[in-house]
1. What shape does the stretch 43-194 have by the C-alpha gyration tensor, where a ≥ b ≥ c are the square roots of the eigenvalues, rounded means a/c under 1.5, and otherwise prolate means a/b greater than b/c and oblate the rest?
2. Using 0.36 nm per residue of separation minus the Cα-Cα distance, give me the extension gain between ASP419 and ILE46 in nm, one decimal.
3. Relative to the present Cα-Cα distance, how much length would full extension add between GLU208 and SER157 at 0.36 nm per residue of separation?
4. R0 = 22 Å: FRET efficiency of ALA499 with ASP308, Cβ-based, nearest 0.05?
5. How far apart, in nm, are the 7 Å Cα→Cβ label points at ARG467 and ALA430?
6. Given Cβ point charges of +1 (Lys, Arg) and -1 (Asp, Glu) and nothing else, what value in debye, to the nearest 20, does the dipole of the chain about its Cα centre take?
7. Give the residues of the stretch 368-404 whose amide nitrogen is closer than 12 Å to a point set 7 Å from the Cα of ASP238 in the direction of its Cβ.
8. So which trypsin sites (Lys or Arg not before Pro) in the stretch 133-196 are both in a DSSP loop and have at most 12 other Cβ atoms within 10 Å of their Cβ?
Amino acid sequence: MQADRSNPVRVVIVGGGTAGWMTAAGLSRLLAPADYQLTLIESDEIGTVGVGEATLPHIRTFNDLLGIDEAQFMRETRATFKLGIEFVGWDRPDDRYIHPFGTFGEPWAGVDFQHHWARATLAGEDVGPLFDYSYAVQAAARAAFEFPNEDPKSIRSTYSYAYHFDAGLYAKFLRHWATTRGVTRIEGKIVDVGRHGGSGHVDRLTLETGAIVEGDLFIDCSGFRALLLGQTMGVAWDDWSKWLPCDRAMAMPCARTEPLVSYTRATAQRGGWTWRIGLQHRTGNGMVFSSAFCREEEARETLMAAVDGAPLGEPRLLRFQAGRRVKGWEGNVVAIGLASGFLEPLESTSIFLIQAAVVDLANLMPTRGGIDRRLADEFNRLYEVHYDRTRDFLVLHYCANRRTGEPLWDYVRTMTLPDSLSHEIALFEASAAAPDYQYGLFSRDSWLAVLVGQGIVPRGYNRLADRLPAEELSSRLQGLRRRIRKNVDAMTDHAEFVASYCPAAVSAAPMESAA
Ligand SMILES: Cc1cc2nc3c(=O)[nH]c(=O)nc-3n(C[C@H](O)[C@H](O)[C@H](O)COP(=O)(O)OP(=O)(O)OC[C@H]3O[C@@H](n4cnc5c(N)ncnc54)[C@H](O)[C@@H]3O)c2cc1C
């Protein structure tokens, strides 16, 4: 199938939230403009979900792809840096650990670091927690930030970073980026979706104004409504609430407080967990909870007790269900963002899933000749990989807890796990081996952080680690810890770094988006 340059493929994106504008910007950057005509429809009346402030380091690749100037983007979205997520009370109420963006230690004698650490620990040596060997953990714990060093020999090259930003401002930023590069924006509410009598493909959208928008490929970024993939194409929903029972969130921003830490905080609570995300002009807060185990009033009280600054507005309730559509692409409709699925924001995975889908779709983009089913099948295969792996990683945070006597936590500790996750946990317990995916989320170091952080202890390790003489192992471990500490101690305070690199033009603007 060849592209016909006089007759471009008409791609219609439905929705102008983070998903819609990331899709519009990504596709307009990646696809040849002569071959694809991009139109985005959004409704001011319906608005966006208005949450989604914490990201993963992958977003930097996306922004780089667009050629976005980082400091400008951070100023305009009032962003801060993020070195990881601190989990408070997820194993036992008084525990805490940081899931860092970066590696633990370095491989020695060709063997991954955690095996050396496990060997020393199992031998009874006082080598300290695994987290002492992560640069990002130590930097985050000191509320420090500097850019990683590009020299791979430097200990300062062993971490990465992401951002916290105002989700509403990010969508606006991308809207400006995309519309100045040829994406047509239509404001209006879609009231009818027309399908071709023969193929069943979507072929037209009718707006409230009576205007009709025709297209060849439709990208459903309509949020939880899933207007095209769910409501029109009838693609079924795979409900994962038996593993991830949280189904509500209350979001409420508050005034910024000090220190401006360089990590997201997720604190386990009786009926769910609260988040805290420090931006330049305010702090985003929320409580994610399970309606089966926690009443709304209790959630509100828990949230208000957790907030450490003056509230800016009232808590806003959001309802959702964990899961995904059984397919992300059906006929000529592809869903991206909340229209395709949702896993609670515990590890800030939604924006990554949007980015992954945009890149996968760009790689598998249909041409004028029509939709090749094999492209859709491949997209759906990748979509499943992304969602299913993310699900397992999130469930790990819940199932490995020792918060006995609290109904939600008792339930998640005793539920039947997905087989794939049971396997990963058993493998780690037996041999300290953690998943090492070459594609998608999460990295081996992320798994290590959460496995160890949740109190799962390996009973064995890769015996190849024994090739390193025991005395050498001890001195290497001590030396590494010292090197990390010394370098981190010399780092700049995160708030100072932000103030000099990307100060937001306006210092307080409470309610562009609710969280
Ligand atoms: C409580 C909570 C916290 C979250 N935190 C994070 C986080 O920290 N990090 C992260 O990565 N993700 C997070 N997410 C997820 C994140 O918010 C979303 O993935 C992201 O905002 C994308 O949303 P969306 O664009 O798919 O949907 P929306 O923002 O809901 O956008 C839907 C769009 O479709 C349009 N639309 C719908 N129907 C019609 C119609 N009939 N006609 C015209 N237009 C229509 C709407 O106007 C809107 O523009 C969180 C989600 C929740 C619920």
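Every read-out reported here was derived from the displayed coordinates using simple, explicitly stated rules and does not represent laboratory data. Since the structure is predicted, the reported quantities are computational estimates derived from the model, not experimental observations. Methodologically, a virtual Cβ is constructed for each residue, glycine included, from the backbone with ideal geometry; neighbour enumeration extends over all protein chains shown.
1. prolate
2. Length gained, ASP419 through ILE46: 130.3 nm.
3. Full-extension gain reported as 13.0 nm.
4. Step by step, r from the Cβ atoms, then E = 0.60.
5. Taking the two extended label points, one gets 2.3 nm.
6. With only Lys, Arg, Asp and Glu charged at Cβ, the dipole is about 220 debye.
7. Zone members listed by number: 380-392.
8. Listed in order of number, the matching sites are LYS153.
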